[in-house]
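Q: Can you read through this structure? Questions will come right after.
The values are calculated or read from the model by the stated rules, or taken from the named source; none is laboratory data. Remember, predicted model here, so these are calculated numbers, not experimental data. All Cβ positions, glycine included, derive from the backbone under ideal geometry; neighbour counts span all protein chains shown. Quick note on the areas: whole protein, heavy atoms, side chains included, nothing else; ligands and nucleic acids left out. Shrake-Rupley method; radii C 1.70, N 1.55, O 1.52, S 1.80 Å.
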Amino acid sequence: MEAVAEGLWGLADYHESKGEIGKAVKCLEAICQSQVSFFPIVEVKTRLRIATLLLKHSHNVTHAKSHLERSQLLLKSIPSCFDLKFRAYSLLGQCYHLVGAIPPLKHILNKALDLTTSAGDAHDQISVKLWSCNFNAQLANALTIEGDYQSSISALECGYVCATQISYPELQMFFATSVLHVHLMQWEDENLVEQAVNRCDHVWESIEPNKRQKCLGLLFYNELLHLFYRFHICDYKNAAQHVDKLDAAMKADMQQTRHIQELTKELNSLGQSLSRSDLHYRDRSALSEKQIRLQERLRSMTNLSSTGKHYLEPTYFGNVRGTSEDKLEMAPPPIDGEWLPKSAVYALVDLMVVILGRPKGLFKECGKRIQSGMQTIQEELGKLGITEGVREVDLQHSAIWMAGVYLILLMQFLENKVAIELTRSEFVEAQEALVQMKNWYIRFPTILQACESIIQMLRGQYSHYVGCYSEAAFHYFEAAKLTESKSMQAMCQIYAAVSCICIGDAESSSQALDLIGPVYRMMDSFVGVREKTGVLFAYGLLLMKQQDLQEARNRLAKGLQMTHNHLGNLQLVSQYLTILGSLALVLHDTIQSREILRSSLTLAKKLYDIPTQIWVLSVLTALYQELDERGNEMENVEYHRKKVDELQKRLADAHSSIHHIELIDKDRLGVQQFHELDIKRASAGPSMSVNLDIPESVGLSAPTPAPSSSRLVDLDTGRRGKRKI
C-alpha cells in the first residue's frame, strides 16, 4: 500500500508543478478517503501535505485546519514521530494566525514548546532546537499582535539562545533582528533600541561573507530595520548608506531573477526539442550536454539541491504562501518563513528611497519610485481580489493581513506624493492623490484606521497651501484628536499654530501662542529633532510678530542649525532662511540679509516652491529699496510679478476643481465600520506597525508677505504685549 501512496504523492507533485492544485489535492484526498486502510503515518503525512497545499495556494484555511486536527488525533497513538508532530503544530499555528485566532494560537504553540522540552533526550538535539526556534518565533509574533511586547522579546530571546547553542549565526541574526523590530515598535528606552541595533551589527559581521550573500531576506530585514531606527531618531545622513545598500541589493536580485527566467525559458525550449522522436543522435547528444550545463548554472543560481523533492514531507513552513522564488526567506527550515513577500519588500525599498529623497528635493527620482511602488502594490492587491469596487466587507478573512500590508504601503506612497505635489505647487495633482487616499480609506476603514489622522492632517496641509488658513487649522485640530501619537499631536499643533499666525488677527495670534507653548515646553522629550525644528520655526515667527526680534533670531538660528544637521529638509531650511533674511533686513544687516535671501531663493527654485519664492522675492525687493539698487529692484519686481501670476493661476485651477470644497470643508471623514475585522492584525501587525516616521511635514509655510518687508513683523504689534512661552 505504501507504493500506492508514493504513486499518488508523485502524481500530486506533478499536478502541483503544472499549477493544477485542485487535481493535486484530489490525488492526496484519495488516500485519506480510501476504503483500504493505510498506515496511520501515511495518512498523517498525506494530510499534512494537503494542508500545506491549501495554505500555499488557496484561502481554504478551514479545510486545511480540519486535516491538521485529524493528523494530531492520529499522531496521539504514535509514540515518537516528533518531526511530524512538530510539523502539524507549526501548520496549525499558521491556520490560527491567518484567521486571527490569537488565544488558540498561543495555546497550540505553548503545547508545541512543551513537546520540544519532552523530546529533548529522545530525539536529534539540533532538530529539536530548530523546532523550538520555530515555535518561539511564531509565539513572539502572536504576542506582538496582542501588544505584549515584553513577552514577545522574551520568546525571541529564548530562540536566540537555542540558535546560539547549536552555533547557527544566521538563525541568531533572525532572532536579533526580530528583537530589534519589537523594540522599534515599543520604543520605551532609546538605550535598549541602540543595544539591539548594535547586536544586529555584531551578529551580522560574525556570519561568513560567502554565507552572508545567501541571506538576502535577512539583509533586507536588517537594513530596513536600521533605516526605521535612523528615520525615527532623525539621522538622515546615516540613513543614506542603508538606502544605498537596499537599492543595490534589490536591483541585483531583480537582475538575477530575470536571468533565472531566461535560463528557465531556454531549458523549457530545450526540453521540447529533446522530446522530438525524429531528432538525430548527434543533435540529441549536443542538446543534452547543453541542457546539463544550463541546469547546473540554474542550480548554482537558485541553490537548488539535485536530489529532488521528498514526496512524504510538506515543503513550506513559516509563511507558507508564495513560491520559493518569490520568497525572501528569513531563516532555515523548519522556520523557512519570510517577513514580507518579495514584492512588498521591493515596494518598501522604493518607499525608503522616496522618504530619503523627498526632503532633498529629488522629485524626479521620487516620482519614478512612487510610480514603481504603487504599480507593484496594485498588482498584488489584484491577486488578493482587491479590484475596483471591492470593499473591506468583501475580503476573505485570511487575506486581511496581507491586504493590510499592501494598503498601508499604498497610503504611504500617496502621502508622499501629496507632500511632493504641494511642495512643487502642483495643487491639482495633490488634490487627486489626497482624494485617492480618502477613497481608499472609505473602502477599507478598519484596515486603514490609523491613516485617518494622516488624511485629516494632509487636508490641513492642502488648505494651508491654497490660502484657506481657518480650514487648515480646523483639520489640524481634528487630526490631533484622531491619533494617540504624541509626536503627531505635537506636529499638528505646530501646523495649526502657523495657520493661525497666517490668519493674522489678534485672536488667532493668541491661539497660536497657546498651541506653541505646551509643545515648546516639552520639545526635549521627543526622540529626534522633528518636533523641535517645527516648534522653533513657529515660535520664531510669533516672536517676530511681537517685535522681539533678537529672541526670534536666536530661536530661528537654533532651529535652522538642527534642520540642516539632522533633517536635511530643504524646504524647511529655505523657509528658515527667508525669515532670518527678513530679520537681518529689519535689523539693518543688509550684507547678511542679501546672502541669506539668495541662498533661500536658490533652494526654493530647486524645489519649485512658488510661495516661498514669492516670499523671498518680496523681501529682496525691500532690501534693494533700502540699498537704493534701482536696477535690481525693477528686475526683482518683474520676476516677483511673474511668480505671483503663476501662483494665482495654479490657485484658480485648484479652487475651480470639483475636489477643492470636498477637501477644505470643515468636516471629518464619516465612514461606516462594516464589521469587526481584527484591527490589530490588519493594521498593526508586526510587519508594518513600526512607525516609519514618514515626514508629515511638507514645510511650515508662513504667510505670503505684502511687498513691504516691514509687514513681516508689524502685524498686530503692540495690541497684546509680548507674552513669552
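Q: With r as the distance between the Cβ atoms of K111 and D148 and R0 = 22 Å, compute the FRET efficiency 1/(1 + (r/R0)^6) and round to 0.05.
A: Details: r = 19 Å, r/R0 = 0.85.
That gives a FRET efficiency of 0.75.
Q: So what is the accessible area of the chain per residue, in Å², with the probe set to 1.4 Å? Show your work: numbers first, answer last.
A: Working: 30830 Å² over 725 residues.
Heavy-atom accessible area per residue stands at 43 Å².
Q: Please compare each pair in K265/K364; K558/K605; K45/K265; K558/K642 to a cut-off of 30 Å on the Cα-Cα distance and tell me which ones are over it. All intermediate terms of the calculation are to be shown ahead of the outcome.
A: On the way: K265/K364 35 Å; K558/K605 24 Å; K45/K265 33 Å; K558/K642 34 Å.
Violating the 30 Å limit, Cα to Cα: K265/K364; K45/K265; K558/K642.
Q: Longest exposed-loop-site-free stretch of the chain, with GluC sites (Glu not before Pro), DSSP loop and at most 16 other Cβ within 10 Å?
A: Longest stretch, sites excluded: 189-387.
Q: Got a number for carbon plus sulfur as a percent of the chain's accessible area, 1.4 Å probe? Each step should come with its number before you reach the end.
A: Numbers: 15510 of 30830 Å².
Heavy-atom surface of the chain belonging to carbon and sulfur, 1.4 Å probe: 50 percent.
Q: While we're here: Of Q648, A622, L607, which is farthest on the positive side of the dipole of the range 537-657, counting Cα position, with +1 on Lys and Arg Cβ, -1 on Asp and Glu Cβ, and the Cα centre as origin?
A: L607
Q: How big is the gap, in Å, between the Cα center of the range 169-244 and the Cα center of the range 586-635?
A: What the calculation gives is 45 Å, centre to centre.
Q: If you don't mind, there's one more thing I want to ask. Using the structure shown, select from K327/K368; K26/K111; K327/K438 the pairs with a Cα to Cα distance greater than 29 angstrom.
A: Violating the 29 Å limit, Cα to Cα: K26/K111; K327/K438.
Q: Considering the values (i) 28.7; (ii) 37.1; (iii) 27.6, which represents Kirkwood radius over Cα pairs in Å as calculated for the structure under consideration?
A: Here Kirkwood radius over Cα pairs in Å agrees with entry (i).
Q: Is there a quick way to get the dipole size of the range 385-525? I mean about its Cα centre, with the Cβ of Lys and Arg at +1 and of Asp and Glu at -1; what is the value in debye to the nearest 20?
A: Details: 9 positive and 16 negative charges, 46 e Å.
In total the dipole reaches around 220 debye.
Q: Would you mind classifying the range 114-202 by shape? Square roots of the alpha carbon gyration tensor eigenvalues, ordered a ≥ b ≥ c; an a/c under 1.5 is rounded, otherwise it is prolate if a/b is larger than b/c and oblate if not. Provide the component values of the computation, followed by the final result.
A: Details: a/c = 3.19, a/b = 1.60, b/c = 1.99.
Since a/c reaches 1.5 but b/c is at least a/b, the shape of the range 114-202 is classed as oblate.
Q: Once you order the gyration tensor axes a ≥ b ≥ c over the Cα atoms, which shape class does the range 1-121 get: rounded for a/c under 1.5, otherwise prolate or oblate by comparing a/b with b/c? Write down the numbers at each step before the final one.
A: Working: a/c = 2.27, a/b = 1.32, b/c = 1.73.
Because a/c hits 1.5 or more and a/b fails to exceed b/c, the range 1-121 counts as oblate.
Q: Put +1 on the Cβ of every Lys and Arg and -1 on every Asp and Glu Cβ in the chain; which of M522, Q213, C95 then has its Cα farthest towards the positive end of the dipole?
A: Positive-most Cα among the choices belongs to Q213.
Q: Sort out for me the Cα centre separation of the range 457-533 from the range 94-114, rounded to whole Å.
A: Here the two parts' Cα centres lie 44 Å apart.
Q: Which value, in debye to the nearest 20, describes the size of the charge dipole of the range 460-514 about its Cα centre when Lys and Arg Cβ atoms bear +1, Asp and Glu Cβ atoms bear -1, and nothing else is charged? Walk me through the numbers before you get to the answer.
A: On the way: 2 positive and 6 negative charges, 38 e Å.
Computed about the Cα centre, the dipole is about 180 debye.
Q: Calculated from DSSP H runs of 4 or more alone, at -39500 (n - 2.57) each and per residue, what is the 222 nm mean residue ellipticity of the chain, nearest 500? Write down the numbers at each step before the final one.
A: On the way: 31 runs with 514 residues, N = 725.
It lands at -23500 deg cm²/dmol.
Q: Using +1 on the beta carbon of Lys and Arg, -1 on that of Asp and Glu, and nothing else charged, what's the dipole of the chain about the Cα centre, debye to 20?
A: Details: 77 positive and 84 negative charges, 122 e Å.
That gives a dipole near 580 debye.
Q: Which whole-angstrom value gives the distance between the alpha carbon centres of the range 1-62 and the range 345-403?
A: Here the two parts' Cα centres lie 36 Å apart.
Q: Rounded, prolate or oblate, given the Cα gyration tensor of the range 408-466, with a/c below 1.5 counting as rounded? List each step's numbers first, then the result.
A: On the way: a/c = 2.19, a/b = 1.85, b/c = 1.19.
Here the range 408-466 falls in the prolate category.
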